[in-house]
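First the structure, which I've put down as structure tokens, then a few questions once you've had a look.
Just so it is clear, none of the values below were taken in a lab; they were calculated from the coordinates. These numbers come from a predicted model, not from an experiment. In this analysis, Cβ positions are derived from the backbone assuming ideal geometry, glycine residues included, and neighbour counts consider all displayed protein chains.
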Amino acid sequence: MQLLNDLLNIQSVSGDESPMKKFLINLILQRMQSWKVTPFMYTGEEFHDCILLKFGNPRTAVFAHMDTIGFMTRYHDQLIAIGGPESEDGTELVGEDSLGPISCKLKNIDGNLFHDFPRAIERGTNLSFAQNIRIHEGYIQAAYLDNRLGVYNALKVCESLKDGWVVFSTYEEHGGGSMPFLLKFIMENAPIKQALISDITWVTDGVTHGNGVAISIRDKFIPRRSFINKVIELAKNSKVAFQLEVEDAGGSDGREIQFSPYAVDWCFIGAPEDNVHSPNEKVALYDLECMIDLYKYLMTHL
Amino acid sequence: MQLLNDLLNIQSVSGDESPMKKFLINLILQRMQSWKVTPFMYTGEEFHDCILLKFGNPRTAVFAHMDTIGFMTRYHDQLIAIGGPESEDGTELVGEDSLGPISCKLKNIDGNLFHDFPRAIERGTNLSFAQNIRIHEGYIQAAYLDNRLGVYNALKVCESLKDGWVVFSTYEEHGGGSMPFLLKFIMENAPIKQALISDITWVTDGVTHGNGVAISIRDKFIPRRSFINKVIELAKNSKVAFQLEVEDAGGSDGREIQFSPYAVDWCFIGAPEDNVHSPNEKVALYDLECMIDLYKYLMTHL
Amino acid sequence: MQLLNDLLNIQSVSGDESPMKKFLINLILQRMQSWKVTPFMYTGEEFHDCILLKFGNPRTAVFAHMDTIGFMTRYHDQLIAIGGPESEDGTELVGEDSLGPISCKLKNIDGNLFHDFPRAIERGTNLSFAQNIRIHEGYIQAAYLDNRLGVYNALKVCESLKDGWVVFSTYEEHGGGSMPFLLKFIMENAPIKQALISDITWVTDGVTHGNGVAISIRDKFIPRRSFINKVIELAKNSKVAFQLEVEDAGGSDGREIQFSPYAVDWCFIGAPEDNVHSPNEKVALYDLECMIDLYKYLMTHL
């Protein structure tokens with residue numbers, strides 16, 4: 001779990017994912033020689049802060065977003081949200097501006113957000129939840145499991161992947177914007193027919209802790225049914241524990257595949273979490289294991 | 001009206017349009033020899049559940065969406081909407097899961113939707129309005145006139161079309177998603193400058209039954225005025241009865257043309273209906289005739 | 001200021017920008033010989049009502065939208081909004097239909113909008129704010145400073161520009177739709193890495209009159225931080241007065257760059273105005289000067 005620990009301690013708020021990009025590039029360069037297949041890595045300014053890995057002859061891509069929700073300083077100690085964070089009064093926030101590191105508390109006064117740092121923070125500074133990782137009785141609890149577990153899952157898939165794309169995207173928590181150019185690059189270089197969204201979903205009255213990874217039949221958006229049926233059929237064959245999710249809200253990188261100019265099927269598959277978008281996101285380790293196992297199976301059999 | 005009757009009896013909820021695709025492919029293969037021009041048909045997995053017909057040298061495309069609104073089962077007898085269906089308590093719904101056919105009633109309890117089927121229905125099962133077609137005193141009344149009449153109109157246009165695309169799209173009722181790849185294919189193979197959206201609109205205080213097909217100057221979105229003026233000018237020359245529509249809500253496949261990376265003009269033209277998105281949608285047969293006549297005229301003269 | 005005066009007196013509501021297009025094409029043809037570099041001009045039906053100017057070897061593009069907010073006539077003297085105009089009762093509106101010129105007042109009855117013109121106005125007629133330009137004590141006040149000042153700025157940039165695109169877009173006030181095809185053309189002909197949005201922003205508690213042009217760190221959408229940092233660094237070097245803006249609402253042509261299939265960085269830079277989207281928009285002339293100076297600097301140094 002050292003890798004997961006490292007991932008959870010990097011700041012990477014939407015729009016400013018360069019620290020995570022740098023960490024992942026280093027990690028991939030160190031590890032790729034030990035993977036079953038050595039991928040081509042595409043990165044650099046022409047891909048902004050994204051990373052693409054191409055293994056063999058891809059049929060399917062795995063997308064994991066690197067960014068997180070957070071806050072940005074405005075004027076007069078005001079904060080505004082990046083993505084949709086929980087904004088409980090007293091939450092500890094951290095960041096840095098040109099004057100140095102910042103550690104402060106969130107003040108929520110009737111829905112208006114402020115920080116209590118003793119000095120003014122430079123306009124437009126990103127703040128994140130202070131990290132506090134707890135592993136206990138089969139659960140992991142921390143800030144930003146969404147989507148560090150999705151990134152972790154994607155890296156585990158890399159170890160044995162023969163054919164496929166593994167892609168680390170940006171901006172997902174705040175409306176997206178990297179998926180369109182990532183898809184264009186993929187489709188013009190080694191096109192795919194299908195995509196899996198490696199991300200974290202919600203515990204609900206139908207999807208619970210410890211019952212396996214969730215396969216989403218729909219969220220706010222509806223993927224093509226014939227592909228979902230194929231994924232469910234394979235999941236049954238895999239013997240990995242899974243739960244079927246049906247929601248009418250929420251979105252993911254899958255949204256941008258749905259609306260892209262490419263006929264690519266997509267399916268969101270991820271472990272469910274409690275306390276979504278808070279510093280106390282909670283996931284059952286068993287569900288994370290199932291997620292990794294199902295991805296490995298699907299990337300071989302799809 | 002046998003064709004229209006057949007179209008109205010096929011289930012084709014957004015995301016699961018394959019039954020309608022199969023029906024239309026069979027129909028087109030049977031009929032295309034009797035059409036004035038035999039089109040090329042593009043279909044298959046690379047087009048998901050869509051169908052494109054290319055006649056001669058296209059300048060204009062007709063788009064008709066194949067999908068309908070409906071409901072999806074969630075957990076504990078809950079239903080969630082697909083698109084924006086009317087949800088009146090007691091409405092009859094039909095569908096099928098792996099255990100067999102389903103016929104049940106919609107229960108609307110303070111806006112929360114349930115079904116009353118005696119057994120649990122599998123998660124993620126699509127349900128549609130039970131069909132009840134009534135033709136009486138110049139009106140047709142049924143579920144899903146939106147957009148089976150638009151599909152019917154497109155098929156009638158095929159009979160005498162010399163040059164143009166006729167395209168059957170998917171997902172329209174639930175945010176879209178097939179138009180971008182359909183447009184890309186069209187623009188890279190036989191590009192167009194203009195598009196007509198063959199769909200059904202609303203009876204309002206300015207657009208009424210029996211006064212002809214509606215030409216929409218705008219809905220939530222605003223097409224380019226110079227093209228709308230050209231369409232209106234031609235409509236006047238055609239001697240077909242039409243009404244001008246001006247709305248600030250509602251959308252269609254035209255939205256995705258507006259936001260596509262192609263400079264393609266678009267205009268929504270369709271008969272108006274009452275009881276929108278309910279099992280009792282109602283259209284004047286005269287307005288449907290006008291719709292067909294105007295499309296035939298425009299596809300020749302645009 | 002004659003040029004600015006002329007720009008402010010042309011009607012160009014979203015969807016009907018052809019009058020502004022014609023004016024600009026004439027103006028550009030007259031002036032381009034006196035510019036430091038003579039650009040290629042791309043215009044005509046394949047670009048709808050947009051205009052693109054290519055100077056030298058572009059690295060960066062300036063986008064200025066030509067359209068404005070306004071109103072459209074519906075049925076029975078009703079009006080509906082185009083974009084998000086202020087709708088104060090009694091506001092003077094002007095327009096024209098086939099029966100002749102129109103001058104009337106806006107009636108706002110509990111949020112429902114009407115006109116008081118003595119005769120019926122043809123359905124779908126565009127109405128704009130009556131223009132009233134006031135220059136006084138260092139301020140300009142008028143309707144449609146947003147975005148005639150952005151267009152004016154772009155034209156001033158043309159005078160000395162060596163390398164870059166200057167692009168006049170349409171539909172921006174009503175959801176957009178020209179940016180995708182403009183970007184496609186640019187990227188396929190003389191691609192760019194970065195874009196500046198020449199548009200007008202809001203006076204707020206952090207951005208005030210007379211303190212220089214605003215550089216937006218974010219609005220509803222969040223551009224990539226590493227690019228914003230680069231722009232701010234250059235702005236400091238330029239010695240031009242500027243203010244940093246941080247908002248969580250509002251959008252611009254930048255939104256469509258963010259969601260385009262091209263990895264192009266963008267930044268909104270514009271003078272702030274008071275009385276937004278009303279007939280009395282107000283901008284400090286000093287801030288407009290700073291805007292022009294900063295654009296000239298950035299287009300050289302980016």
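If I go through the stretch C:206-226 residue by residue, how many of them are within 7 Å of chain A (Cβ to nearest Cβ), part of a loop (DSSP other than H, G, I, E, B) and basic (K, R)?
Number of matching residues: 1.
Take the stretch A:73-117 and flag every residue that is β-branched (V, I, T) and either away from chain C (no Cβ under 14 Å) or farther than 24 Å from A:Y171 by Cβ (or both).
A:T91, A:V94, A:I102, A:I109
Would you confirm, using the coordinates I've provided, whether A:A249 is within 14 Å of chain B (Cβ to nearest Cβ) and in contact with an Asp or Glu (Cβ under 8 Å, 6 or more places away or on another chain)?
Numbers: within 14 Å of chain B (Cβ to nearest Cβ): yes; in contact with an Asp or Glu (Cβ under 8 Å, 6 or more places away or on another chain): yes.
In short, yes.
Any idea which of A:F55, A:F63, A:F71 is touching a Lys or Arg at 6+ places or on another chain (Cβ under 9 Å) and aromatic (F, W, Y)?
The match here is A:F55.
Also, I was wondering about something else. Filter the stretch C:124-144 down to the residues that are touching an Asp or Glu at 6+ places or on another chain (Cβ under 8 Å) and under 26 Å from B:Q243 (Cβ atoms) and list them by number.
The answer is C:T125, C:N126.
Continuing with this model, one more query. Might you check whether a residue that is touching a strand residue (DSSP E or B) at 6+ places or on another chain (Cβ under 8 Å) and over 30 Å from C:K36 (Cα atoms) occurs anywhere in the stretch C:147-154?
No, the stretch C:147-154 contains no residue that is touching a strand residue (DSSP E or B) at 6+ places or on another chain (Cβ under 8 Å) and over 30 Å from C:K36 (Cα atoms).
Being among the acidic types (D, E), more than 19 Å from B:W266 (Cβ to Cβ), in contact with a strand residue (DSSP E or B) (Cβ under 8 Å, 6 or more places away or on another chain) and surrounded by 16 or more Cβ atoms within 10 Å (Cβ to Cβ) is true for just one of B:D16, B:D49. Which residue is that?
The unique qualifying residue is B:D16.
Hey, B:H209 hits all of (1) closer than 17 Å to B:G150 by Cα; (2) in contact with a Phe, Trp or Tyr (Cβ under 7 Å, 6 or more places away or on another chain) but one; which does it fall short on?
(2)
Now for a different question. Within the bounds of the stretch C:259-270, is there any residue that is over 15 Å from the mean Cα position of the chain (by Cα), buried (at least 18 other Cβ atoms within 10 Å of the Cβ), among the β-branched types (V, I, T) and within 13 Å of chain A (Cβ to nearest Cβ)?
Start the filter on the stretch C:259-270 by keeping residues that are over 15 Å from the mean Cα position of the chain (by Cα), which leaves C:259-266.
Applying the additional criterion that residues be buried (at least 18 other Cβ atoms within 10 Å of the Cβ) yields C:259-266.
After this cut, where a residue has to be among the β-branched types (V, I, T) as well, the list is C:264.
With the extra rule that they be within 13 Å of chain A (Cβ to nearest Cβ), the set shrinks to C:264.
Yes, there is a match, as at least one residue in the stretch C:259-270 is over 15 Å from the mean Cα position of the chain (by Cα), buried (at least 18 other Cβ atoms within 10 Å of the Cβ), among the β-branched types (V, I, T) and within 13 Å of chain A (Cβ to nearest Cβ).
Restricting the search to the stretch A:87-103, which residues are over 21 Å from C:I215 (Cβ atoms) and surrounded by 18 or more Cβ atoms within 10 Å (Cβ to Cβ)? Break it down stepwise before answering.
Taking the stretch A:87-103 first, the residues over 21 Å from C:I215 (Cβ atoms) are A:87-94, A:100-103.
Residues satisfying the conditions are A:T91, A:L93, A:I102.
Here are C:R123, C:R119: which of them is free of Cβ contacts under 8 Å to residues at least 40 places away in the same chain and either closer than 22 Å to C:V276 by Cβ or outside any strand (DSSP E or B) (or both)?
Of C:R123, C:R119, the one residue that is free of Cβ contacts under 8 Å to residues at least 40 places away in the same chain and either closer than 22 Å to C:V276 by Cβ or outside any strand (DSSP E or B) (or both) is C:R119.
Considering every residue within the stretch C:55-65, establish whether at least one is of a type in the set (V, I, T) and more than 14 Å from C:V166 (Cα to Cα).
So far as the stretch C:55-65 goes, no, none of its residues is of a type in the set (V, I, T) and more than 14 Å from C:V166 (Cα to Cα).
From C:L196, C:L182, C:L145, which residue is within 14 Å of the chain's Cα centre (by Cα), over 23 Å from C:D6 (Cβ atoms) and surrounded by 23 or more Cβ atoms within 10 Å (Cβ to Cβ)? Give the derivation first.
Details: C:L182 fails: within 14 Å of the chain's Cα centre (by Cα); C:L145 fails: over 23 Å from C:D6 (Cβ atoms).
Within the list C:L196, C:L182, C:L145, the selection yields C:L196.
A follow-up question, please. Among residues belonging to the stretch B:237-246 that are in contact (Cβ under 8 Å) with a residue 40 or more places away in the chain and either closer than 22 Å to B:I82 by Cα or part of a loop (DSSP other than H, G, I, E, B) (or both), point out the one that is farthest from the other protein chains (Cβ to nearest Cβ).
It comes out as B:V240.
Hey, can you tell me all the residues within the stretch A:75-108 that are without any contact (Cβ under 8 Å) to a residue 12 or more places away in the chain and either in contact with a Pro (Cβ under 7 Å, 6 or more places away or on another chain) or part of a strand (DSSP E or B) (or both)?
A:G100, A:P101, listed by residue number.
Among residues belonging to the stretch B:104-142 that are charged (D, E, K, R) and more than 25 Å from the chain's Cα centre (by Cα), point out the one that is surrounded by the fewest Cβ atoms within 10 Å (Cβ to Cβ).
Here the answer is B:D110.
Which one is nearest to the other protein chains (Cβ to nearest Cβ) among residues in the stretch C:32-72 that are among the aliphatic types (A, V, I, L, M) and assigned to a strand (DSSP E or B)?
Going through the qualifying residues, I end up with C:M72.
Can you confirm whether B:S216 is within 30 Å of A:G254 (Cβ to Cβ), among the polar types (S, T, N, Q) and surrounded by 19 or more Cβ atoms within 10 Å (Cβ to Cβ)? Spell out how you get there, then give the answer.
Working: within 30 Å of A:G254 (Cβ to Cβ): no; among the polar types (S, T, N, Q): yes; surrounded by 19 or more Cβ atoms within 10 Å (Cβ to Cβ): yes.
No; evaluated as a whole, the condition is false for this residue.
May I pose another question? Test B:L234 against the stated conditions and say whether it is touching a residue at least 24 places away in the same chain (Cβ under 8 Å), of a type in the set (A, V, I, L, M), surrounded by fewer than 18 Cβ atoms within 10 Å (Cβ to Cβ) and in a helix (DSSP H, G or I).
yes
Ok, one more. Could you run through the stretch C:5-31 and say how many residues are of a type in the set (D, E) and either within 11 Å of chain B (Cβ to nearest Cβ) or within 9 Å of C:M66 (Cβ to Cβ) (or both)?
2
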